[in-house]
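A short write-up of the structure that comes next.
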Amino acid sequence: MTRPPDSVDKDAIVAALLARVETLTATNAWLVARIAELEAKLDQPPKTPGNSSVPPSKGQKASESSKPKPKGKPHAGSHRALHPNPTRRHPVFACCCRGCGADVSQIPQSPCETYDRIEIPKIEPDVTQVSLYGGVCPGCCQRFKAEPPEGLEPGSPFGPNLRAFVIYLRSVQNIPLARLTDVLRDLLGLEISEGALVNILRASRKPFAKQTSLLKLRLLSGTALASDETGIRVGKANWWLWVFHHGDAAVFVVDAHRTKAVVETFLGEWRPEYWISDRLGSQKDWATKEQQFCLSHLIRDVQYAIDEGDAVLGPGLKGLLKRACAIGRRRAELADSTLESYHADLDRRLDRLLSLTPAHRAGRKLQKTFKEIRSHLFVFVTNRELTATNNGSERALRPCAIYRKITNGFRSEWAAKLYADVRSVIESARRRCIRAIDAIRLTLQGAPLVRAA
């Protein structure tokens with residue numbers, strides 16, 4: 001048996017062991033705290049669409065009777081109105097009396113009943129086959145060929161209306177490429193391959209990018225802006241689809257990130273005076289004057305605190321936020337002086353609520369949050385340009401979320417960027433009372449979107 005060398009420093013070994021014990025003690029304390037934190041979460045209520053940002057599609061709906069409930073306020077019903085501008089009119093005069101069979105063809109008659117019969121014509125492609133004739137010039141002995149007529153130049157065989165129809169079905173009605181070939185074949189009797197459809201989409205990138213740039217100029221010329229984002233799949237990566245909008249202009253931006261860099265790239269050197277958004281960090285601190293936080297998000301956060309057990313602060317805050325939203329809905333019929341008094345009243349009510357002492361941890365957390373953001377709660381009351389919620393962004397992103405569920409995203413980056421530009425045009429057209437298909441046609445023609453009368 002060998003003895004350890006006398007040169008071993010026993011003090012160093014003891015110090016190393018003590019350091020190791022201290023490290024393990026600290027790790028154990030952290031694990032105990034983490035276990036306590038996780039056990040506390042076991043007692044927390046589940047997050048639902050009513051108390052968090054969980055989408056309604058993921059909410060658990062209660063099972064009820066499948067029998068329709070009787071209407072609480074039944075009405076007499078309604079009927080389809082007659083078409084204001086029918087294609088043709090077909091007057092029908094009576095020839096004989098149904099009662100006695102007498103001839104009534106020469107008697108003055110007036111309309112007794114008028115109704116519409118609506119039908120669509122047979123749908124088939126309108127194909128124009130162009131032949132450019134030519135020959136040999138007798139003067140210079142050079143071959144010549146006729147110039148193609150305007151609008152019928154060689155190149156893609158698909159006309160502008162067909163291209164607009166394809167973009168509409170793909171980007172607005174969310175039809176995948178494989179199904180789109182079936183739709184065109186079954187409805188139009190037109191055979192188009194998926195590759196040809198991709199070529200149509202790829203060729204539309206420039207006109208849609210140009211239209212989007214005009215919409216961006218319009219958007220950045222105002223004083224207010226609202227924003228939000230949703231996830232989207234591009235290739236094998238998770239990207240983000242942003243929307244920036246206000247008034248009659250909306251611009252979508254697709255990017256691989258969810259950071260402030262996206263907003264900074266979009267805004268450039270320009271900054272709006274007012275901003276509407278949720279409390280995501282990348283959407284904060286861009287307004288030069290004031291920012292309005294979405295009250296719908298805050299109402300759900302308050303509801304979650306109530307579900308956790310806060311009975312002191314949560315109920316009052318929820319009622320206050322709902323009262324503020326109700327004032328926002330009535331704002332058009334209220335005078336500026338009335339709105340200022342409402343704003344002061346909301347501030348006083350908020351002061352009284354925040355002076356309470358919540359007993360539950362969720363209430364104390366809620367109190368701390370609202371003390372930090374109180375200056376961003378009621379900006380909309382006296383500023384008619386702003387809204388109490390960010391629901392405008394949610395509505396703009398809803399078709400994109402549906403598109404994501406149906407198609408599972410995009411295979412290439414250019415397709416995702418094209419979709420963002422198309423959605424910019426479609427959403428702006430909706431706000432300007434322009435039909436989506438008409439907006440697509442105008443864009444392909446290089447014409448700006450003009451608000452419909």
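Among the listed pairs K58/K405; K318/K365; K236/K405; K260/K284; K289/K318, those with a Cα-Cα distance over 18 Å are K289/K318. Expressed to the nearest 5 percent, the antiparallel share of DSSP beta bridges inside the chain is 70 percent. Loop-resident trypsin sites (Lys or Arg not before Pro) (DSSP state other than H, G, I, E or B) in the range 175-245 with no more than 15 further Cβ atoms inside 10 Å of their Cβ: K236. Building the convex hull from the alpha-carbon atoms of the range 338-453 and averaging its projection over directions returns 12.4 nm².
DSSP loop chymotrypsin sites (Phe, Trp or Tyr not before Pro) in the range 90-163 with at most 13 other Cβ atoms within 10 Å of their Cβ, which ones?
Numbers: sites: F93, Y115, Y133, F144, F158; in loops: F93, Y115, Y133, F158.
Counting only loop positions with at most 13 other Cβ atoms within 10 Å, the chymotrypsin sites (Phe, Trp or Tyr not before Pro) in the range 90-163 are F93, Y115, Y133.
Rounded to the nearest 10 degrees, the inclination of helix 205-219 to the longest alpha-carbon principal axis of the chain is 60 degrees.
Answer rounded, prolate or oblate for the range 234-293, using the Cα gyration tensor with square roots of eigenvalues a ≥ b ≥ c: rounded when a/c is under 1.5, else prolate when a/b is larger than b/c, else oblate.
Values: a/c = 1.96, a/b = 1.68, b/c = 1.17.
Since a/c reaches 1.5 and a/b is larger than b/c, the shape of the range 234-293 is classed as prolate.
Keeping every protein chain present and rolling a 1.4 Å probe, give me the accessible area per residue for the chain in Å².
Values: 29790 Å² over 453 residues.
Per-residue value: 66 Å².
Surface composition of the chain: carbon and sulfur atoms hold 54% of the protein heavy-atom accessible area at a 1.4 Å probe. Summarising the overall dimensions of the chain from its C-alpha atoms, the Rg and Dmax are 33.2, 139 angstrom. To the nearest 10 degrees, how steep is helix 177-188 against the longest Cα principal axis of the chain, on a 0 to 90 scale? Tilt of helix 177-188: around 20 degrees. Axis angle, to the nearest 10 degrees, between helix 194-203 and the longest C-alpha principal axis of the chain: 80 degrees.
The values are calculated or read from the model by the stated rules, or taken from the named source; none is laboratory data. All values derive from a computational prediction rather than experimental measurement. Reconstructed Cβ throughout: ideal geometry from the backbone, glycine too, with neighbour counts over all protein chains shown. What goes into the accessible areas is simple: the full protein's heavy atoms, side chains included, and nothing from ligands, DNA or RNA. Shrake-Rupley method; radii C 1.70, N 1.55, O 1.52, S 1.80 Å.
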